[in-house]
Amino acid sequence: MATLRDIRRHIRAIRNIEQITRAMQMVAAAKMRRAQARVAAGRPYAAAMEEMVADVAKIGKEYRHPFLLPREEGPGVLILVTSDRGLAGSLNVNTLRAAHSYMLRNFGPRYQVVALGRKGLEFSRRVQLQILHHRVGISDQVGPEELRPSVEAAVSAFLEGGAREVVLAYPRFRNLLSQVPTVKVLVPVPPRSEAEGPHTEGDYIYEPDARAVLERLMPAYVESEVLHAVRELQASFYSAQMVAMRNASSAAGDVIRELSLTANKVRQAGITRELMEIIGGAEALQAARR
Amino acid sequence: MAIRVRVLASDQPLLEGEADFLTFRGADGDLGVLPQHAPLLTWLKPGEVMVRQGEGERYVFLEGGFLEVLPDLVTVAAERGQLSSALGLEAAEEDLKAAQDRASRDPEGLAAAQLLEVAQARVAAAQLQRRRERD
């Protein structure tokens, strides 16, 4: 049986932990609001770039960029977007699991990785993937320039390295409680059904010419997707962290309540025992006197 | 007869709505688009996009980007841009000075040259904006 001192020390320790988790919860909540605003403001641009490229895949005939041509062979490249730090529940685990199982199914265990974020990097090292490029410490106000070297690594693995597919994996932010692990093929550009996209006869007019425009548009499309995925991750991460810390704080509160109860019982038992000893002693004295 | 137009920067939507006419700086020079235009795809030089609807004209400054014309929709997407009304001439001129400094130190640099082109276009757009505000 624990002594009263042990229990009180335990309560103090948990109270300290609770203070930390509460502080982390507040910080995450503040960052989450900003990250949510950024992800919402950036979504239309990313969606528009995706649509533009899908339109080109559908109606552009004059020049077929390599990004528009399916490939039969070659390794897979995974752009893996995870957070640097943990304490965010199962956020990264879910993303890694979804991404890894897709890549295993399509490319076997020796696929290539562009790791954005420490958790994905550590995972890639652990399962011994070929790491083409990695980046940790991406800022919360991420802009296109910051991600350009990472995007270039993935694009050149496709254009020069003969990769079959470039795949992007990240947790999509839905709401505070729901972040959806998302795995999507960026390159070659996935074809759309007949019903979707523009209904138009004939090709675009290109300026300056088809090849020059597409050679700029295609990498810009990958860039916009990766930038947006990082913003989705950031909103997801701070949400998941906030919820995890809120749960931790409330669990700490529960433990403290339970321990206080035990402490009180132990204290009460001690008092009762002492009283009984005193009474017992007094009665023994009286008996001796008679 | 109008056409739907959306102008989007990577960090915020800038403009969305119906238009009777729009102009922009395409890869081969300035272009104008009316409703029923043939499909078109071009990159943009740094500069302004003008969107006219009825009597109203709205201006957006973009640092580049892409423009796609479809029968029912014009999409303009650029990494960076802002409404011309949010441009400050003084800030733009300061930027230009910094870009000129950098370009003179690194006359071969591609990035420096691009930065300079953007900065020049921004000053030109800010000047036009100031003139419009005066009229």
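Read the figures in this text as sums done on the coordinates, not as results from a lab. None of the values given here were measured: they were computed from a predicted structure. Using ideal geometry, Cβ is built from the backbone for each residue, glycine included, and neighbour counts are taken over all protein chains shown.
If a/c stays under 1.5 just call it rounded; otherwise compare a/b with b/c (prolate if a/b is bigger, oblate if not). Do that for segment B:41-89, with a ≥ b ≥ c from the square roots of the Cα gyration tensor eigenvalues.
Verdict is oblate for segment B:41-89.
How about segment A:25-82: which trypsin sites (Lys or Arg not before Pro) there lie in a loop by DSSP and see at most 15 other Cβ atoms within 10 Å?
A:Lys61, A:Arg64, A:Arg71
Please state the shape class of segment B:3-84: rounded when a/c is under 1.5, otherwise prolate if a/b exceeds b/c and oblate if not, all from the C-alpha gyration tensor.
Verdict is rounded for segment B:3-84.
Suppose a student asked you for the relative contact order of chain A, using Cα pairs under 8 Å spaced at least 6 residues apart; what percent would you report?
Across chain A, relative contact order equals 32 percent.
How big is the dipole moment of segment A:194-248 about its Cα centre under a simple scheme where the beta carbon of each Lys and Arg is +1, that of each Asp and Glu is -1, and everything else is neutral? Debye, nearest 20, please.
620 debye
If Lys and Arg each add +1 and Asp and Glu each add -1, what is the summed charge of the other residues whose beta carbon sits under 12 Å from the beta carbon of A:Ala154?
Within the 12 Å Cβ shell, the charges total -3.
Just how far, in whole angstrom, is segment A:108-129 from segment B:43-65 if you go by their alpha carbon centroids?
Segment B:43-65 and segment A:108-129 have Cα centres separated by 43 Å.
Using just the helices of chain B, give the 222 nm mean residue ellipticity in deg cm²/dmol: DSSP H runs with n ≥ 4 each add -39,500 (n - 2.57), and the total is spread over all residues, rounded to 500.
-11000 deg cm²/dmol
Please report the antiparallel percentage of the DSSP beta bridges confined to the protein assembly as shown, to the nearest 5.
Percentage antiparallel, nearest 5: 65.
Any idea what the alpha-carbon Rg over 2.2 N^0.38 Å comes to for segment A:146-240?
Ratio of Cα Rg to 2.2 N^0.38 Å: 1.31.
Apply 1/(1 + (r/R0)^6) to the Cβ-Cβ distance of A:Leu285 and A:Ser250, taking R0 = 45 Å, and write down the FRET efficiency to the nearest 0.05.
0.30
Treat each spin label as a single point 7 Å out from the Cα along the C-beta direction, and report the A:Asn264 to B:Leu89 distance in nm.
Rounded to a tenth, the inter-label distance reads 7.4 nm.
From the Cα gyration tensor of segment A:73-113, with a ≥ b ≥ c the square roots of its eigenvalues, which class applies: rounded if a/c is under 1.5, or else prolate if a/b is larger than b/c, or else oblate?
Prolate, because a/c is 1.5 or more and a/b exceeds b/c.
Put +1 on the Cβ of each Lys and Arg and -1 on the Cβ of each Asp and Glu in chain A; which of A:Ser83, A:Val56, A:Leu69 then has its Cα farthest toward the positive end of the dipole?
Comparing the listed Cα positions along the dipole, A:Ser83 ranks first.
So if I place +1 on the C-beta of Lys and Arg and -1 on the C-beta of Asp and Glu, and nothing else carries charge, what would the dipole magnitude of segment A:186-290 be about its Cα centre? I want it in debye, nearest 20.
In total the dipole reaches around 1580 debye.
Given charges of +1 on the Cβ of Lys and Arg and -1 on the Cβ of Asp and Glu, with all other atoms neutral, how large is the dipole of the protein assembly as shown about its Cα centre, in debye to the nearest 20?
My answer is approximately 3300 debye.
Just the number, please: percent antiparallel of the DSSP beta bridges in segment B:3-84, rounded to the nearest 5.
Antiparallel: roughly 85 percent of the beta bridges in segment B:3-84.
Going through segment A:201-285, which GluC sites (Glu not before Pro) have at most 14 other Cβ atoms within 10 Å and a DSSP loop state?
A:Glu201
Mind listing the Cα extents of segment A:28-245 along all three principal axes, in Å, largest one first?
56, 37, 31
So in segment A:28-245, what percent of DSSP beta bridges are antiparallel if you round to the nearest 5?
Looking only at bridges with both residues in segment A:28-245, the antiparallel portion is about 40 percent.
In nm, to one decimal, how far is the modelled label at B:Ala111 from the one at A:Ile271, with both set 7 Å along Cα→Cβ?
Between B:Ala111 and A:Ile271, the label points sit 7.2 nm apart.
Mind jotting down the three principal axis lengths of the protein assembly as shown based on Cα atoms? Whole angstrom, largest first.
Projected onto its principal axes, the Cα set of the protein assembly as shown covers 122, 60, 50 Å.
Taking the Cβ-Cβ separation of A:Ile131 and A:Glu160 as r and a Förster radius of 22 Å, what is the calculated FRET efficiency to the nearest 0.05?
0.80
Among A:Ala252, A:Asn92, A:Tyr111, whose Cα sits farthest toward the positive end of the charge dipole of the protein assembly as shown (+1 at Cβ of Lys/Arg, -1 at Cβ of Asp/Glu, about the Cα centre)?
A:Ala252
Taking R0 as 45 Å, what FRET efficiency do you get between A:Gln19 and A:Glu194 from their Cβ-Cβ distance, rounded to the nearest 0.05?
Plugging the Cβ-Cβ distance into 1/(1 + (r/R0)^6) gives 0.15.
How big, in percent, is the set of alpha carbon pairs in segment A:232-290 lying more than 16 Å apart?
The proportion of pairs with Cα distances above 16 Å equals 69 percent.
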